[in-house]
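Colleague: The structure's right below; bear with me while I get my questions together.
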Amino acid sequence: MTNDATRATAEALPGINRRRMLLGLAAASTAAATATISIEAKAATPTENPKLIALFEELPAVAAAFHEVNDVYEAEYKAWDAKTPWAPDELTLRGIAWPYEENAPKQPGEPEMKALGGYLWRVGDNYPRRIILRAWEVDWQITGLRRKKRAAKKAGNLADFMDAEAEIKRLKKLYATANAYERKFRDIKAQAHAWHEKASRPKTALRDALEKHVSAIMDEPDFTMEGIIIKAQALAEWDRVGTRWGDRLAIGREWHSQLAASILRYAKGGAA
């Protein structure tokens, strides 16, 4: 190439000069060094406990098995609540406090209950109604009036005799009402408890399996922040077990303190 051609090429590509070439070489060297450091750092960084990861990957299936059965159980449970007969108004009074309230005013009778337990209350009422008359109590009143009726007849007291006869007639109707309600409630309660005895077994077994699986996750050592997140997600899954007090119990488990210990250890830069 002639000197003129060389001069022309240099003028056409003014960006290529010794300074720029040196900068390019420096950048390439830095990139190479950074890549080497990254590879070394990655090799030095601990990986998460593979057993912990495997247990977490199995968790969705264990949880899904429980929820599938529990959803059916809850729907049927509510259906039995809906089948519970209401006590007739003539046998009840409105409640004025919750039965379990401390220092609550004394109330007559007993609170109206659902077939599977729990208080039954009606729209518009603030508290469960109180059942103040049972069939046996009405029958006892009838027995007393019959004695009064016989005594009035013996004494020739027509007014007392007629009053007792009219009251007996009224109470016989009330007795029939109370007896029919109590018989129906007993039948529904017996059927509901028979269903519950059968339906609760598979639900309880799957709930126990889920509890054991969550416990296995919490007991397994965690090596990185990923493990801490895994354990937090496992606890969140357990919180979805349901609203029933008994289902949420995990007696003897120290899950939250285990998670707290992992977080504190990680915050201090330690590993399991």
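Colleague: Run the reach check for LYS268 against aspartates and glutamates, Cα to Cα strictly under 15 Å, same-chain hits fewer than 8 apart removed. What comes back?
Modeller: ASP222
Colleague: How much length would be gained if the chain were fully extended between ALA236 and ILE96, taking 0.36 nm per residue of separation minus their Cα-Cα distance, in nm to one decimal?
Modeller: Using 0.36 nm per residue and subtracting the Cα-Cα distance, I get 46.5 nm.
Colleague: May I pose another question? In the structure displayed, which of LYS114/LYS184; LYS83/LYS172; LYS106/LYS184; LYS78/LYS231 lie more than 22 Å apart, Cα to Cα?
Modeller: Long pairs (Cα-Cα over 22 Å): LYS83/LYS172; LYS106/LYS184; LYS78/LYS231.
Colleague: Could I ask something else about it? Over the alpha-carbon set of region 64-105, work out the extent along each principal axis and list the three values in angstrom, largest first.
Modeller: 46, 28, 7
Colleague: From the square roots a ≥ b ≥ c of the eigenvalues of the alpha-carbon gyration tensor of region 105-153, which class results: rounded (a/c under 1.5), prolate (a/b over b/c), or oblate?
Modeller: Prolate is the answer for region 105-153, as a/c is 1.5 or above and a/b outweighs b/c.
Colleague: Hey, what's the Cα Rg ratio for region 47-88 versus the globular rule of thumb, 2.2 N^0.38 Å?
Modeller: Its radius of gyration relative to the 2.2 N^0.38 Å reference: 2.10.
Colleague: Give me the aspartates and glutamates in straight-line cross-link reach of LYS189: C-alpha distance below 15 Å, same-chain residues under 8 apart excluded.
Modeller: Within reach: GLU76, ASP81, GLU112, GLU197.
Colleague: Now for a separate question. Checking the cross-link filter: which lysines have an alpha carbon closer than 19 Å to that of LYS153, excluding same-chain neighbours under 8 positions apart?
Modeller: Leaving aside lysines fewer than 8 places away in the same chain, those within reach of LYS153 are LYS169.
Colleague: When all protein chains stay in place, what accessible area (Å², nearest 10, 1.4 Å probe) is found for MET162?
Modeller: 100
Colleague: I would also like to ask the following. Can you tell me the order of 226-232, 105-111 when each peptide is scored by its average per-residue count of other Cβ atoms within 10 angstrom, highest first?
Modeller: So the order, starting with the most tightly packed, is 226-232, 105-111.
Colleague: In whole angstrom, note down how far apart the Cα centers of region 147-191 and region 63-102 are.
Modeller: Their Cα centres are 32 Å away from one another.
Colleague: Using each residue's phi in region 237-242, evaluate 6.51 cos²θ - 1.76 cosθ + 1.60 at θ = phi - 60° and report the 3J(HN,Hα) Karplus result to the nearest Hz, with x for Gly and Pro.
Modeller: 5, 5, 5, 8, 4, x
Colleague: Then there is this: Regarding region 115-272, what's the average projected area of the Cα-atom convex hull, expressed in nm²?
Modeller: Computed as one quarter of the Cα hull surface, the answer is 15.6 nm².
The values are calculated or read from the model by the stated rules, or taken from the named source; none is laboratory data. None of these values were measured; they are calculated from a predicted model. Virtual Cβ from ideal backbone geometry, glycine too; neighbours counted across all protein chains shown. Ligands, DNA and RNA are excluded from the accessible area calculation, which covers all protein heavy atoms including side chains. Shrake-Rupley method; radii C 1.70, N 1.55, O 1.52, S 1.80 Å.
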